[in-house]
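*Asks:* This is the structure I have questions about; it appears just below.
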Amino acid sequence: MSDAVNMMDRLSIDPSQGLQFGVYSLGDHLPDPVAGTRVSAEERIREFIGYAEAAEDAGFDFFSLGESHQEYFASQAHAVILGAIAQATKSIRIGSTSTILSTSDPVRVFENFATIDLISGGRAELVAGRASRVGLFELLGYDLRDYEELFEEKFDLLQKVNQEREITWSGQFRAPLNNAEVLPRPAQESLPIWRAVGGAPASAIKAGLAGVPMVMAHLGGTTSVFKTTVDSYRQAARHQGYDPATLPVATAGFLHTAPTSQDALKELYPHINDGMKRVNGQGMPKQLFAQSVDPASIVNIGSPQQVVEKILHQHEVFGHQRYLAQIDFGGMPYEKVMGQIETIGSEIIPAVKKYTAAKTEELV
């Protein structure tokens, strides 16, 4: 039986319990555009830990934190912070929003996350990504021209280290391994490793061919546009001999809720616009952002009921197993994020799980 065959069970994903719900942070450390203030890096790191604790209490299934090695971020050492979160929580699964594998040593990544898994009692996961912000290539001593080749080689090596206790390997970008025993081993039989996909079918196809779970991140657009990516992933997995029904798909994007959709837009827009200007060099046009409340938009902004309906529509289109909400971007005040977690936990998650669990029972 292949590693992928057991992936749903290993990730504790039971479709009869409904769509899993998670929260993720990119680890940004941005000023609040409304108040004009910014917390210290120490306080921001403590906020990440507080989010995870609150998410666990609110009934979320998963918490994840990313890494980015540039100005306006505080989670460069995201594995260290996840270790603290592993100690501070008891039941919620935890992992990386995206571990930038292209500029990391897969052996070291495995050692870090196997250790997090041991601290957490078998709750760790890893999402491997290629980096949408590429300044870290120069910072960490890699050639951006090797962008694709670096990731593919290192992703293959990470999977081998995860599957084999002793490994002999050689490649282009790293010194060979000769009967190397990589320790410690995780509490789980092996680490659940996802592949991050930006929305384009090409990367999704590679994830399907590898037989690994896929996380599809998106900033905007209509839900229907992304169906091609999900379909391509499952078709590639089937072509390679994997059963797509055993390979979970997660989607990830912005979520913000308020009593009305107009309130939600008004509250979130300054944070999205200013944050994207600082991080990506280009803000979000207000007219384009206003389209986020459209029922066809993949961005989940609106009243709690509107958000529920949008997530359920996305589930109908994708048939995915996990949704990850980004709720803290752009200097959003800590108390506002905690309020979002509480509202999502009390009003959105129960409705989403009830409906998606019922739909699963209808199919059995």
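*Asks:* Quick one: how many residues across region 157-188 are touching a residue at least 12 places away in the same chain (Cβ under 8 Å) and closer than 19 Å to V127 by Cβ?
*Replies:* The qualifying residues number 9.
*Asks:* Enumerate the pairs (first residue in region 266-291 and farther than 13 Å from L219 by Cα and among the hydrophobic types (A, V, I, L, M, F, W, C); second residue anywhere and open to solvent by less than 50 Å² (accessible area, probe 1.4 Å) and assigned to a helix (DSSP H, G or I)) with beta-carbon separation below 7 Å, excluding pairs fewer than 6 apart on the same chain, so at least 6 apart or on different chains.
*Replies:* A290/L265
*Asks:* For region 292-314, indicate whether the set of residues that are in contact with a strand residue (DSSP E or B) (Cβ under 7 Å, 6 or more places away or on another chain) and open to solvent by 70 Å² or more (accessible area, probe 1.4 Å) is non-empty.
*Replies:* no
*Asks:* Right, another one. With respect to A128, determine if the residue is surrounded by fewer than 20 Cβ atoms within 10 Å (Cβ to Cβ) and touching a residue at least 24 places away in the same chain (Cβ under 8 Å).
*Replies:* So A128 fails the test.
*Asks:* I'm trying to understand the selection: among the residues of region 169-188, which are exposed (fewer than 13 other Cβ atoms within 10 Å of the Cβ) and assigned to a loop (DSSP other than H, G, I, E, B)?
*Replies:* S170, Q172, A175, P176, L183, P184
*Asks:* Okay, next question. Checking I348 against (1) open to solvent by 10 Å² or more (accessible area, probe 1.4 Å); (2) closer than 16 Å to A258 by Cβ, which single condition isn't satisfied?
*Replies:* Just one mismatch for I348, condition (1).
*Asks:* Yes or no: region 204-212 includes at least one residue that is under 29 Å from Q291 (Cβ atoms) and either acidic (D, E) or in contact with a strand residue (DSSP E or B) (Cβ under 8 Å, 6 or more places away or on another chain) (or both).
*Replies:* Yes - at least one qualifying residue is present in region 204-212.
*Asks:* If you take the residues in region 204-232 that are polar (S, T, N, Q), touching a Ser or Thr at 6+ places or on another chain (Cβ under 9 Å) and in contact (Cβ under 8 Å) with a residue 60 or more places away in the chain, which one is least open to solvent (accessible area, probe 1.4 Å)?
*Replies:* Taking the candidates together, the pick is T223.
*Asks:* Okay, next question. Select, from Y147, Y142, the only residue that is in a helix (DSSP H, G or I) and among the hydroxyl-bearing types (S, T, Y).
*Replies:* It is Y147.
*Asks:* I would also like to ask the following. Go through region 311-332 and count every residue that is without any contact (Cβ under 8 Å) to a residue 60 or more places away in the chain and over 16 Å from I348 (Cβ atoms).
*Replies:* Here the count works out to 1.
*Asks:* Which residue is surrounded by the most Cβ atoms within 10 Å (Cβ to Cβ), if the candidates are limited to region 244-263 and must be over 17 Å from S203 (Cβ atoms) and within 23 Å of the chain's Cα centre (by Cα)?
*Replies:* Looking at residues that are over 17 Å from S203 (Cβ atoms) and within 23 Å of the chain's Cα centre (by Cα), I get T257.
*Asks:* Still on this structure, I have one more. I'd like the residue in region 235-259 that is in contact with a helix residue (DSSP H, G or I) (Cβ under 9 Å, 6 or more places away or on another chain) and in a loop (DSSP other than H, G, I, E, B) and, out of all such residues, is nearest to G66 (Cα to Cα).
*Replies:* Going through the qualifying residues, I end up with P248.
The values are calculated or read from the model by the stated rules, or taken from the named source; none is laboratory data. In this text, all values refer to a predicted model and were calculated from it rather than measured experimentally. Reconstructed Cβ throughout: ideal geometry from the backbone, glycine too, with neighbour counts over all protein chains shown. For accessibility, only protein heavy atoms count, side chains too; no ligands or nucleic acids. Shrake-Rupley method; radii C 1.70, N 1.55, O 1.52, S 1.80 Å.
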